[in-house]
Amino acid sequence: MSESVIRTIMVVAYFLVVLLIGAAAFRRTQSTAEDYFWGGRTAKTVVLFMALFGTNVTPFVLMGIPGLAYHHGIAVFGLNAAVVVLGIPLTFWLIGYPAWIAAKRVGAVTPAELYVRRFGVRWIGYLLFAVFFVYTVPYMVTAVVGVGIAVDVLSEGALGFELAAAGILLITLAYTSLGGMRATMWTNVFQGAVFLGFSLLAFVLIADDMGGLSTVMQEIQRRSPALFERPTAGPFAPGAWASWALAIALTVIAFPHMLVRIFAAQDVQALKNACRYYPLAMILLWVPAVLFGLWATLEHPGLEGKASDAVFPLMVLDHLGPVLEGVGLAGILAAVMSTLDAQMLTLSSMLIRDVLPSSIDDRRQVMLGRLFLLVLALLTWWIVIQRPASIFKVAGLSFSGYTTVVPTLFLGLRWRRFTVEGAAASLLVGNLVLILAWLEWIPSFGLLPVAWGLGAAILAAVGVSLVTAPTHPAFAEAVLGPVEEALSTGDRAPATPRR
């Protein structure tokens, strides 16, 4: 049996398991929009943790980070992981927990819907949907690009980039459109186990095949000592590092697909446990990712630009047999699909709940949601085949944009004086300044564009709120009352009223 056939069998087996899980979820999914888009708010610790972890792991980590470490060395771990493992769980608790309480009380299904209830005006939902859509689609593109690169490398050109991209979108579309939130969360448990398990296994086996961890690190030290030094220029300059630390720590809670998963938590204990387990899981993933990039400098020197995005599949191809190569490809597919399904479903739910008329009945909401999933998949595939910039660069723009949403998310749940005009000003001014800084139309003073965008968003939020009329007390109380009560007493959120 040829190596390509063995790889194909492993990938097909993975796809079959995913589709079977999706089919099982479909049988459990009710016809209501809440159950389809939200899974009935029944996610316990394991499912919630794996859904959050799996959704947060994309080719940005499995391929973008090894590619960055290939050029910049061990310092990439400090640039990203050290901040991620502490910052992300903290934002889950500071923003995600009160959002979960409020969403449960008012029956909000999407982040935008929660803030519509907070301010009592529907147009803020349109604006939030637009911002989330603009930054989520490029992030989806990075995931599919990662699959295209991995399949092209591991199949040794037998399957083209475009075909691989179309295939991953079709499979993801199939189980997501059938089973909704329940399907995506159930498959995330399996997918998270696949990509984390393979990453750790590959770390051990590749290091052993290269002569042992100590030997390979000493050889890199001998050939490229700069990879073990702490850079002080580029992204590692103090201002740039601090700016990126802000982005990488704050951006994840602003992913709409992450907030929706937090909304699906069954109880506060499940959310607490997810916050506890998150740092360990991220360290277990990021250490191998960075070292794969370093090791690749020995065997694939001279890669330039976005060519380094392929170093992880190249190392798998060099050191693991066809069975594990197939498992490796399945692991990359799992990382992509565990995020892609959440992004597609969340944007679909936001279109239905936040943009289209609220008079549409549940059955039609689900039908239109599935139709939008198809349109979204086609749009993503079209952008992917244009071959955009490197995974890290595209993800960096999306992360920066999401970060400008954080002031609105936080203040909307913590400050009664925060107004809808302040929220709109924060979103618009923050993103305008971000774009101007990204285009280098304003001086950077050593900071990345995200720092200027975030600063502008905060100033606009506070300044405009102070000079505009307060939100009607009834709307503010509906959202902030349960949050303030729970934070002061430690009580769990009250039951969700059905919409």
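The values are calculated or read from the model by the stated rules, or taken from the named source; none is laboratory data. Worth saying up front: this structure is predicted, and the values here are computed from it rather than measured. All Cβ positions, glycine included, derive from the backbone under ideal geometry; neighbour counts span all protein chains shown.
List, please: which pairs have Cβ atoms under 6 Å, are six or more places apart or on different chains, and start with a residue in region 131-157 that is within 25 Å of residue 435 (Cα to Cα) and small (Gly, Ala, Ser) and end with one that is at pLDDT 80 or above and crowded, with 21+ Cβ neighbours inside 10 Å?
Note: pairs meeting the criteria are 143/340.
Which condition from (1) surrounded by 20 or more Cβ atoms within 10 Å (Cβ to Cβ); (2) touching a Pro at 6+ places or on another chain (Cβ under 8 Å); (3) at pLDDT 85 or above is the one that residue 244 breaks?
Evaluating residue 244 over (1) surrounded by 20 or more Cβ atoms within 10 Å (Cβ to Cβ); (2) touching a Pro at 6+ places or on another chain (Cβ under 8 Å); (3) at pLDDT 85 or above leaves (3) as the failure.
With 234, 211 as the choices, which residue is surrounded by fewer than 18 Cβ atoms within 10 Å (Cβ to Cβ), over 23 Å from residue 349 (Cα atoms) and modelled with pLDDT of 80 or more?
211
Mind checking whether some residue in region 410-424 is farther than 22 Å from residue 393 by Cα, basic (Lys, Arg), exposed (fewer than 14 other Cβ atoms within 10 Å of the Cβ) and at pLDDT below 90?
Checked region 410-424: no residue is farther than 22 Å from residue 393 by Cα, basic (Lys, Arg), exposed (fewer than 14 other Cβ atoms within 10 Å of the Cβ) and at pLDDT below 90.
Yes/no per residue for (1) over 30 Å from residue 452 (Cβ atoms); (2) surrounded by fewer than 24 Cβ atoms within 10 Å (Cβ to Cβ); (3) free of Cβ contacts under 8 Å to residues at least 60 places away in the same chain; (4) not basic (Lys, Arg):
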{"position": "297", "(1), (2), (3), (4)": "yes, yes, no, yes"}
{"position": "303", "(1), (2), (3), (4)": "yes, yes, no, yes"}
{"position": "307", "(1), (2), (3), (4)": "yes, yes, yes, yes"}
{"position": "311", "(1), (2), (3), (4)": "yes, no, no, yes"}
{"position": "351", "(1), (2), (3), (4)": "yes, yes, no, yes"}
{"position": "358", "(1), (2), (3), (4)": "yes, yes, yes, yes"}
{"position": "371", "(1), (2), (3), (4)": "yes, yes, yes, yes"}
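For region 68-121, give me the residue count where each residue is closer than 30 Å to residue 357 by Cα and without any contact (Cβ under 8 Å) to a residue 60 or more places away in the chain.
0
Step by step: first the residues of region 455-492, then only those that are in a helix (DSSP H, G or I), under 13 Å from residue 416 (Cβ atoms) and of a type outside the set (A, V, I, L, M, F, W, C), then the one that is farthest from the chain's Cα centre (by Cα). Which residue is that?
It comes out as 473.
For region 283-327: of the residues being among the small types (Gly, Ala, Ser) and in a helix (DSSP H, G or I), which is nearest to residue 228 (Cα to Cα)? Steps first, answer last, please.
Here is the first cut: in region 283-327, the ones among the small types (Gly, Ala, Ser) are 289, 293, 296, 302, 305, 307-308, 310, 321, 326.
With in a helix (DSSP H, G or I) added as a condition, the list becomes 289, 293, 296, 305, 307-308, 310, 326.
Working: 289: 16, 293: 12, 296: 14, 305: 20, 307: 22, 308: 18, 310: 22, 326: 32 Å.
Applying the filter and picking the extreme gives 293.
Which one is modelled with the lowest pLDDT, of the residues in region 150-171 that are crowded, with 24+ Cβ neighbours inside 10 Å and out of contact with any Ser or Thr (no Cβ under 9 Å at 6 or more places or on another chain)?
Ranking the qualifying residues of region 150-171, first place goes to 154.
Does region 76-97 contain at least one residue that is more than 21 Å from the chain's Cα centre (by Cα), among the hydrophobic types (A, V, I, L, M, F, W, C), part of a helix (DSSP H, G or I) and under 30 Å from residue 297 (Cβ atoms)?
no
When you look at residue 256, is it in contact with a helix residue (DSSP H, G or I) (Cβ under 8 Å, 6 or more places away or on another chain), in contact (Cβ under 8 Å) with a residue 60 or more places away in the chain and either closer than 23 Å to residue 393 by Cβ or surrounded by fewer than 18 Cβ atoms within 10 Å (Cβ to Cβ) (or both), yes or no?
Taking the combined requirement at face value, the residue satisfies it.
Which residue, of 454, 409, is touching a residue at least 12 places away in the same chain (Cβ under 8 Å) and over 24 Å from residue 472 (Cβ atoms)?
Only one candidate qualifies: 454.
Being out of contact with any helix residue (DSSP H, G or I) (no Cβ under 6 Å at 6 or more places or on another chain) and closer than 14 Å to residue 376 by Cα is the filter here, so list the residues in region 167-182 that pass it.
170, 174
Residue by residue, here is whether (1) surrounded by 24 or more Cβ atoms within 10 Å (Cβ to Cβ); (2) more than 30 Å from residue 238 (Cβ to Cβ) holds:
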site	(1), (2)
77	no, no
95	no, no
105	no, yes
128	yes, yes
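Please work out which residue is nearest to residue 208 (Cα to Cα), limiting yourself to region 259-288 and to residues that are over 17 Å from the mean Cα position of the chain (by Cα) and aliphatic (A, V, I, L, M).
Checking each candidate, the answer is 287.
Being touching a residue at least 12 places away in the same chain (Cβ under 8 Å) and not in a helix (DSSP H, G or I) narrows it down to one residue among 182, 230; which is it?
From the options 182, 230, the qualifying one is 230.
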